[in-house]
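The values are calculated or read from the model by the stated rules, or taken from the named source; none is laboratory data. No experiment lies behind these values; they were computed from the predicted model shown. Reconstructed Cβ throughout: ideal geometry from the backbone, glycine too, with neighbour counts over all protein chains shown. Remember, those area values only see protein heavy atoms, side chains included, never the ligands or the DNA or RNA. Shrake-Rupley method; radii C 1.70, N 1.55, O 1.52, S 1.80 Å.
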Amino acid sequence: MSPYRSLTWQIGITIPRWQNPSAMQQRSGDFFQIVNHSVPIQVLEDVKEATHRFFALKAEEKRQYSKEVSPTNNVRYGTSFSPQAEKALEWKDYLSLFYVSDDEATASWPSVCKDQALEFMKKSEFVIKRLLEALMRRLNVKDLDETKELLLMGSKRINLNYYPICPNPELTVGVGRHSDVSTLTVLLQDDIGGLYVRKIADDSWIHVPPVAGSLVINIGDALQIMSNGRYKSIEHRVTANGSKNRVSIPIFMNPRPSEVIGPLPEVIERGEKPEYRQVLYSDYVKYFFKKAHDGKDTVEFAKIG
Ligand SMILES: COc1cc(/C=C/C(=O)SCCNC(=O)CCNC(=O)[C@H](O)C(C)(C)COP(=O)(O)OP(=O)(O)OC[C@H]2O[C@@H](n3cnc4c(N)ncnc43)[C@H](O)[C@@H]2OP(=O)(O)O)ccc1O
Ligand SMILES: O=C(O)CCC(=O)C(=O)O
Ligand SMILES: [Fe+2]
């Protein structure tokens, strides 16, 4: 049994103590969806609405947050993933908001969406911590103390993704195949569909059906590295849609950029061979953003041998 499978079992029995039972709604490989997660449904609805509101702004209003002119690196509006490196652009616009503090967010995030984005982040923290605690227990890490908490979730980023109707959806993608560079990603999708995850066993793709009120949980590369490969970040992609606009809102929980990450001491203390070297997290993220989406290749950056 993979550690992740037993984690999903663990969550199934742990969640009744935080909120309600029936946490596990859908699960496929290393992705799963949770319901009864304690984030109020209204908060989810509000942030989806706020996302539509931001992308409905006039082009010149949105453009003031683009990389070229945004007064802060913490707010970035753009198209596709890494346009300078891509042969063809992805059919997606995004607003990426890096969390520094409530005051900074209030001062610099766009007013049409900042309250709703902040509220979604804050209300998700409880479930994220419980998930990380459960994941850590399987790695022999008993306590999520302050140092571990900073290592796992010392920096947070929320993206508002907008996938406009595409006239020729078969000719492009919404998001190319990739794994997230986060520790853990909590993703809210709307009811349109189009997110697929890759099944490790046979290389096939599984659609992640929208489930009302659910959150998709996705393990990222940072946790793959810290768990010495016991947890695997999952490859995923999004198709373009020929008839409907779609939004999704991922919250990426990350190590701080200045953190050096590698297999956790608790994982390798019994002589297990480290599969990954120690890497500065900001170097890892810069490497990710430098190239077009390329499946799970980013993690090779940290692989030994
Ligand atoms: C957009 O489609 C996406 C996005 C994603 C995103 C996933 C994540 O964000 S996971 C969490 C990432 N980790 C962090 O945010 C950690 C904290 N941040 C940092 O450490 C730094 O911001 C940095 C990422 C290391 C970059 O900092 P800096 O050294 O100041 O360099 P920059 O000039 O700002 O950026 C370098 C290069 O990367 C591009 N870039 C940076 N941030 C983003 C962003 N949020 N979204 C898109 N691109 C970004 C930036 O444009 C620069 O490119 P140049 O061409 O200008 O060199 C997952 C999947 C998707 O499809
Ligand atoms: O839109 C989605 O469902 C997924 C988006 C995604 O993978 C990302 O932003 O990293
Ligand atoms: Fe992703």
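Brief remarks follow.
- The largest accessible area among Ile165, Ile217 belongs to the first residue in Ile165, Ile217, and the rest follow in falling order (1.4 Å probe, all chains).
- Qualifying lysines (Cα of each under 16 Å from Cα of Lys114; at least 8 residues distant if same chain): Lys48, Lys62, Lys122, Lys123, Lys156
- A dipole drawn for the chain from +1 and -1 charges on Cβ atoms has a positive end, and of Gly154, Phe55, Leu215 the residue lying farthest that way is Leu215.
- In terms of its C-alpha gyration tensor, the range 200-305 has a prolate overall shape, because the principal axis ratio a/c (a ≥ b ≥ c, square roots of the eigenvalues) is not below 1.5 and a/b outweighs b/c.
- A simple spin-label model places the labels of His52 and Ser204 3.5 nm from each other, with each point 7 Å out along Cα-to-Cβ.
- For the range 248-290, GluC sites (Glu not before Pro) meeting the loop criterion (DSSP other than H, G, I, E, B) and having at most 14 other Cβ atoms within 10 Å: Glu269, Glu272.
- Paramagnetic reach from Leu171 (point 7 Å along Cα→Cβ, amide N under 16 Å) across the range 235-250: 240-243
- Furthest towards positive pole of dipole, Leu171, Pro257, Gln278, structure part the range 161-296, Cβ charges: Leu171
- Model label sites at Arg277 and Lys87, defined 7 Å from Cα along the beta-carbon direction, differ in position by 3.0 nm.
- Per-residue ellipticity at 222 nm computed for the chain from its helices equals -9500 deg cm²/dmol, with DSSP H segments shorter than 4 residues left out and the rest contributing -39,500 (n - 2.57).
- For the chain, a Gaussian network of Cα nodes joined below 10 Å ranks Ser214, Ser124, Ser204 by mean-square fluctuation, and the top entry is Ser204.
- Over the chain, relative contact order from alpha-carbon pairs under 8 Å, at least 6 apart, %: 21 percent
- Remark: for residue pairs Lys244/Lys286; Lys142/Lys303; Lys87/Lys290; Lys199/Lys286; Lys67/Lys232, the C-alpha separation exceeds 21 Å in Lys244/Lys286; Lys142/Lys303; Lys199/Lys286; Lys67/Lys232.
- Cα centroid separation, the range 129-149 to the range 252-281 (Å): 14 Å
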